Structures are given as C-alpha cells and as structure tokens.
Ligand code: FAD
C-alpha cells in the first residue's frame with residue numbers, strides 16, 4: 001500500500017490528539033507513516049505505535065525547531081520527492097495550514113484545507129456557511145496535501161511496531177529567514193485543553209457577566225471538563241476569546257457538550273454540533289439549541305447549574 005505521510009503535531013514531545021485522528025484516517029487509505037520533527041521522539045514513540053503507524057521518519061535535530069514552519073515544509077517536500085507518498089496529512093491548525101500551503105507550492109501540488117471528512121480518491125469534505133452546506137473537493141495535480149480539522153475523526157488505536165528511519169534536512173537560506181527568538185509558554189491550567197477535552201461546558205450570554213462564569217467553571221471542574229464560551233460571552237469580555245467555540249472560534253467534538261445559557265445560533269453550532277452527546281440548560285424552551293440536544297433542561301441556569309455541580313460533586 002502507498003504511504004500517507006502524517007506530520008506529527010507535538011509540543012516538546014507531547015503529541016496532540018489530532019495526530020492520532022490523522023493516523024486513524026490515514027490507515028483507511030494506505031500505510032500511515034508519521035513524520036516527526038524535533039526532539040522528544042523517544043518519549044512519544046510508544047504512543048504513536050498504538051495508532052497503527054507503519055513507519056516513522058524522525059528528524060530529531062533540535063535546530064529544526066529554531067525556525068518557524070519552514071524546516072517542516074522542507075523536510076516534507078524532500079520526503080514527497082523521495083518517497084512519492086499517496087498524500088500528506090497535516091492538522092488544520094494555524095501552523096498546519098501554513099505548512100500545507102507552503103508545501104503545495106514547493107511540490108506543485110493541490111491543497112485542501114479545513115477538511116472535515118475524506119472519501120475514496122482523497123475527496124475532501126468541507127462544511128461551510130456554519131455547517132449549513134457540505135461541499136466536496138479533490139486535488140487534481142501533484143500529491144494531495146490535506147489539512148484536516150481537529151476532532152473530525154475519532155482516533156482508533158491499532159497497535160503496531162513501526163519501522164524508524166532517521167532523516168535529515170539541509171535548510172535553505174530562505175528557511176533560515178525567520179528564527180524563533182523566544183517561546184512564551186502559556187501556563188497550563190488544571191483543565192484539559194478545549195479542543196482535546198472529552199467534556200466541554202460552555203457558557204453564553206445567559207450567564208450574564210464575567211463573575212458568573214465561575215458557575216460554568218465549577219460545573220466544568222466537577223466533571224473534569226474544559227470551559228468554552230459563545231461569542232456573545234467572549235465579545236462581552238466575560239471570558240477570553242481563546243475559549244470561544246464556533247465558526248470563528250474553536251471546533252470541539254467532545255463526548256459530552258453542555259451549553260449553558262446559549263441560544264444555539266448557527267455560528268455556535270458550527271463549532272460543536274459533532275459532539276457525541278449534547279446537553280443544554282436554557283430558560284427559553286423555544287431556544288434553537290433544543291433542536292440539537294440529546295438532553296435539555298428548561299430552567300434558570302443560576303438554579304440548575306449549581307444544583308448539578310453539587311450533585312456531581314457528591315458522587
Ligand atoms: P444569545 O443568542 O443571546 O442567547 C442567550 C441564551 O441564554 C438565550 O437562549 C436565553 O434564553 C438564555 N438565557 C438567558 N438567561 C438565562 C438564564 N438565567 N438561564 C438559562 N438560560 C438563560 N457565535 C459563537 O458562539 N461562536 C462563533 O464562533 C461565532 N462566530 C460568528 C461569526 C459570524 C460571522 C457571525 C455573524 C456571528 C458569529 N457568532 C458566533 C455569533 C452568533 O451569531 C450568536 O450571536 C451567538 O452565538 C449568541 O451567543 P449566545 O447564545 O451566548 O447568546
């Protein structure tokens with residue numbers, strides 16, 4: 001079977017869940033070959049092997065992480081030229097999409113970004129207009145470079161014993177043009193990362209103010225969940241924009257999504273409608289969010305949320 005190159009998304013050796021999703025997707029269409037850039041592979045190799053990787057190309061040189069995206073592009077371009085993979089998959093994150101675009105130019109290939117599903121022949125599915133319309137597109141030139149949105153596929157383990165190949169890349173002067181001079185490490189909170197969390201509790205305009213978001217946080221903490229917010233809440237400055245869920249925010253697809261005081265506008269749904277189980281707490285029984293939910297509570301969030309938190313904390 002032809003190889004599909006999957007660029008591993010990791011931060012200092014900690015592999016992001018989206019990588020396991022990409023590997024799962026790649027296995028459906030060929031041999032999943034992971035591409036690792038930077039130090040930290042030894043600590044992550046067992047985890048990668050759990051997801052059916054047939055081979056890992058390891059470029060461990062620490063210098064490669066001293067430059068912005070370009071080394072990853074150069075390495076992938078080199079592997080595309082040497083190995084003729086059937087496709088290259090990257091995560092459709094800010095960095096992943098930049099890599100995909102640059103790689104497409106370097107390899108004179110077509111690129112699909114923000115793909116939410118794939119069909120035979122690498123036909124990519126896109127969800128547009130806030131999820132109202134689904135379109136399909138296919139690369140017709142070169143090696144398909146496909147940037148897949150996090151949380152589009154459920155990661156499925158399939159243990160393997162991958163081959164390893166150390167690879168090196170000679171950086172061009174252009175690649176060395178932008179050097180990383182400082183890394184600001186965001187303090188990691190107690191809660192899971194929003195796009196990776198199994199449970200997300202989000203608050204909306206109904207929460208009524210920044211201070212009241214502690215109700216959302218307390219409910220989230222009782223469940224070990226991440227906190228999200230609607231745009232109405234982030235625009236009002238009640239919660240930081242990095243926690244916004246929706247069309248112009250993050251896409252989440254947890255096992256359980258609890259929308260508290262959120263009406264369910266199409267732009268919000270675009271970021272959460274693929275959640276496995278959706279629960280809403282809203283005082284308006286006509287709120288559109290109730291069209292989407294598995295379980296709905298019609299009631300005042302200021303009464304329902306604390307009771308729920310208390311009940312969960314007892315268990
Ligand atoms: P509202 O629509 O005002 O709903 C508040 C809800 O809280 C109501 O249903 C009300 O019944 C309920 N409520 C009030 N008080 C209580 C109470 N005490 N107890 C229980 N329930 C209560 N929105 C996003 O969320 N994410 C996006 O990424 C996003 N991107 C957008 C992009 C574009 C281009 C545009 C035009 C809009 C975008 N929006 C986005 C905004 C979106 O259209 C909605 O305005 C927004 O989602 C509304 O947020 P909300 O549900 O919190 O507020």
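Looking at residue 157, is it more than 16 Å from the ligand (Cβ to nearest atom), crowded, with 19+ Cβ neighbours inside 10 Å and within 18 Å of residue 16 (Cα to Cα)? Step through it out loud before you land on a result.
Values: more than 16 Å from the ligand (Cβ to nearest atom): yes; crowded, with 19+ Cβ neighbours inside 10 Å: no; within 18 Å of residue 16 (Cα to Cα): yes.
It is false that residue 157 is more than 16 Å from the ligand (Cβ to nearest atom), crowded, with 19+ Cβ neighbours inside 10 Å and within 18 Å of residue 16 (Cα to Cα).
Return the residues of region 197-238 that are part of a helix (DSSP H, G or I), out of contact with any strand residue (DSSP E or B) (no Cβ under 8 Å at 6 or more places or on another chain), within 9 Å of the ligand (Cβ to nearest atom) and touching a residue at least 40 places away in the same chain (Cβ under 8 Å); say none if nothing qualifies.
Here is the first cut: in region 197-238, the residues part of a helix (DSSP H, G or I) are 205-207, 213-223, 231-235.
With out of contact with any strand residue (DSSP E or B) (no Cβ under 8 Å at 6 or more places or on another chain) added as a condition, the list becomes 205, 214, 218, 221-222, 232, 235.
Retained after the next criterion (residues that are within 9 Å of the ligand (Cβ to nearest atom)): 205, 232, 235.
Selection gives 205 alone.
Filter region 244-268 for residues that are outside any loop (DSSP other than H, G, I, E, B), crowded, with 23+ Cβ neighbours inside 10 Å and in contact with a helix residue (DSSP H, G or I) (Cβ under 6 Å, 6 or more places away or on another chain) and give the result.
Within region 244-268, the subset outside any loop (DSSP other than H, G, I, E, B) is 244-245, 250, 256-260, 266-268.
Next, from what is left, pick out any that are crowded, with 23+ Cβ neighbours inside 10 Å: 244-245, 257-260, 268.
Within region 244-268, 244, 259, 260 qualify.
Restricting to region 28-59, count the residues that are more than 22 Å from the chain's Cα centre (by Cα) and within 15 Å of residue 170 (Cβ to Cβ).
The number of residues fulfilling the criteria is 1.
Go through region 1-19 and report how many residues are buried (at least 24 other Cβ atoms within 10 Å of the Cβ) and part of a helix (DSSP H, G or I).
2
Matching residues to (1) more than 14 Å from the chain's Cα centre (by Cα); (2) near the ligand (Cβ under 6 Å from one of its atoms); (3) within 16 Å of residue 224 (Cα to Cα):
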residue: 240; (1), (2), (3): yes, no, no
residue: 246; (1), (2), (3): no, yes, no
residue: 259; (1), (2), (3): yes, no, yes
residue: 274; (1), (2), (3): no, no, no
residue: 278; (1), (2), (3): yes, no, no
residue: 283; (1), (2), (3): yes, yes, no
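Which ones in region 127-153 are surrounded by 13 or more Cβ atoms within 10 Å (Cβ to Cβ) and assigned to a loop (DSSP other than H, G, I, E, B)?
The answer is 130, 131, 139, 142, 143, 144, 149, 150, 151, 152, 153.
Among the residues of region 285-315, which ones are part of a helix (DSSP H, G or I) and away from the ligand (no atom under 13 Å from the Cβ)?
309, 310, 311, 312, 313, 314, listed by residue number.
With respect to the numbered conditions (1) over 27 Å from residue 51 (Cβ atoms); (2) surrounded by fewer than 13 Cβ atoms within 10 Å (Cβ to Cβ), which one is the sole condition not fulfilled by residue 201?
(2)
Sort through 62, 50 and tell me the only one that's modelled with pLDDT under 95 and more than 20 Å from residue 98 (Cβ to Cβ).
Result of the check over 62, 50: 62.
Answer with yes or no whether residue 96 is out of contact with any helix residue (DSSP H, G or I) (no Cβ under 7 Å at 6 or more places or on another chain), within 20 Å of residue 28 (Cβ to Cβ) and assigned to a helix (DSSP H, G or I).
Criteria met by residue 96.
The values are calculated or read from the model by the stated rules, or taken from the named source; none is laboratory data. All values reported here derive from a predicted model rather than from experimental measurement. For neighbour counting, all protein chains shown are included, and Cβ atoms are generated from backbone atoms with ideal geometry for every residue, glycine included.
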